[in-house]
Amino acid sequence: MLVCTEKYNDSELRAALKKKLDPARYEHSLGVAYTACNLFLSHGHGSTEELSRVYTAGLLHDCAKCLDEEKRDKYIKKYNVELTEMEIQHPFLIHAKLGAVLAKEKYGVTDEEIISSIRWHTTGCAGMSFMEAVIFSADFIEPNRKQLLCYEEIRPLIYKDLNKAVYLILKHTLAHLENKGQPVEEHTLEAYEYYSKRFS
Ligand code: DGI
Ligand code: FE
Ligand code: FE
């Protein structure tokens, strides 16, 4: 597969990523890349260029997930990444914002939509582009993930009505967060309001 970075070809990008992720996270990243390509194909977007872009976004979406605290803080400082109070309180959220920065700075991605797909993959946001919505959904359903009951409803729908699937994923996430007594991040809430108004 072609990849969209200024720095690496496909096998080099995989090798670079493999060094930075634990084995399960690397498998998950491949799963998201393949699932995202599949979603593109099933919605009639099959050009090599489109597949290369979405494959690159899928591979790199969790590139900042396995950093230890020290490294994470070093990059936050180096690249002047501004954190919200919510991200400081719930640091696992940082990997989306920092991943978008590292995709550009460390992996040589210049395509803004690849970068924004990485940025929004955890919370989603209102009015996602097709690629952003594909990465957001592929991250949720890729086959290496722990299987959830709601998959029965979401998996077939994701190939027919992506926006409705995004709505159901957000609905599931909010229910899950409420169950665990976790606060909702502002973009997750805005995304839910946007998709529930239009696609429920
Ligand atoms: O990095 P992954 O594990 O592949 O997946 P991810 O980046 O989608 O992260 C999933 C986690 O993010 C999941 O446990 C739910 C959590 N999450 C998503 N939106 C919110 C959130 N957690 C909080 N506290 N608030 C949110 O709005
Ligand atoms: Fe993630
Ligand atoms: Fe992920």
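State all residues of the range 92-110 that are among the aromatic types (Phe, Trp, Tyr) and part of a helix (DSSP H, G or I); if no residue qualifies, say none.
Within the range 92-110, Phe92 is the sole residue that qualifies.
Within the range 50-68, count every residue that is away from ligand 3 (no atom under 15 Å from the Cβ) and touching a residue at least 12 places away in the same chain (Cβ under 8 Å).
Qualifying residue count for the region: 3.
Please verify whether the range 44-54 includes one or more residues that are among the small types (Gly, Ala, Ser) and under 13 Å from the mean Cα position of the chain (by Cα).
No, that holds for no residue.
So how many residues does the range 52-80 have that are within 17 Å of Ser11 (Cβ to Cβ) and more than 13 Å from ligand 2 (Cβ to nearest atom)?
3
On the given criteria, is Ile158 in contact with a Ser or Thr (Cβ under 6 Å, 6 or more places away or on another chain) and among the β-branched types (Val, Ile, Thr)?
yes
Out of (1) under 30 Å from Ser47 (Cβ atoms); (2) surrounded by fewer than 16 Cβ atoms within 10 Å (Cβ to Cβ); (3) modelled with pLDDT of 95 or more; (4) away from ligand 1 (no atom under 14 Å from the Cβ), the odd one out for Asp111 is which?
Every condition holds for Asp111 apart from (2).
Find the residue count for the range 18-44, including only residues that are aliphatic (A, V, I, L, M) and surrounded by fewer than 21 Cβ atoms within 10 Å (Cβ to Cβ).
Counting residues in the range 18-44 that are aliphatic (A, V, I, L, M) and surrounded by fewer than 21 Cβ atoms within 10 Å (Cβ to Cβ) gives 4.
Among the residues of the range 83-108, count how many are touching a residue at least 60 places away in the same chain (Cβ under 8 Å), touching a Ser or Thr at 6+ places or on another chain (Cβ under 9 Å) and within 12 Å of ligand 1 (Cβ to nearest atom).
1
Restricting attention to helices (runs of 4 or more DSSP H) lying wholly within the range 111-178, give those where 2 or more residues are out of contact with any Gly (no Cβ under 6 Å at 6 or more places or on another chain) and within 18 Å of His95 (Cβ to Cβ).
Fully inside the range 111-178 and qualifying: 112-119, 130-141.
Please find, among Lys171, Lys160, Lys146, the residue that is closer than 19 Å to His28 by Cα, surrounded by fewer than 22 Cβ atoms within 10 Å (Cβ to Cβ) and of a type in the set (Lys, Arg).
After applying the criteria, what remains is Lys146.
Return the pair list, or none, for Cβ contacts closer than 8 Å from residues in the range 109-121 that are within 15 Å of Ser52 (Cβ to Cβ) to residues that are surrounded by fewer than 17 Cβ atoms within 10 Å (Cβ to Cβ), at least 6 apart or on different chains.
Val109/Glu6; Thr110/Glu6; Glu113/Ser129; Ser117/Ser129
Taking Val54, is it of a type in the set (Val, Ile, Thr) and away from ligand 1 (no atom under 14 Å from the Cβ)?
yes
Could you list, in sequence order, the residues of the range 142-189 that are at pLDDT below 95 and aliphatic (A, V, I, L, M)?
Once the filter is applied, which keeps residues that are at pLDDT below 95 and aliphatic (A, V, I, L, M), the range 142-189 yields Leu148, Leu149, Ile154, Leu157, Ile158.
Among all residue pairs at least 6 apart or on different chains, which show Cβ distances below 6 Å where the first residue, located in the range 184-200, is away from ligand 2 (no atom under 16 Å from the Cβ) and the second is of a type in the set (Ser, Thr, Tyr)?
Tyr195/Tyr167; Ser196/Tyr167; Phe199/Tyr167; Ser200/Tyr167
The values are calculated or read from the model by the stated rules, or taken from the named source; none is laboratory data. Note that the coordinates shown come from a computational prediction; the quantities given were computed from them, not determined experimentally. Cβ: placed from backbone, ideal geometry, glycine included. Neighbour counts: every protein chain shown.
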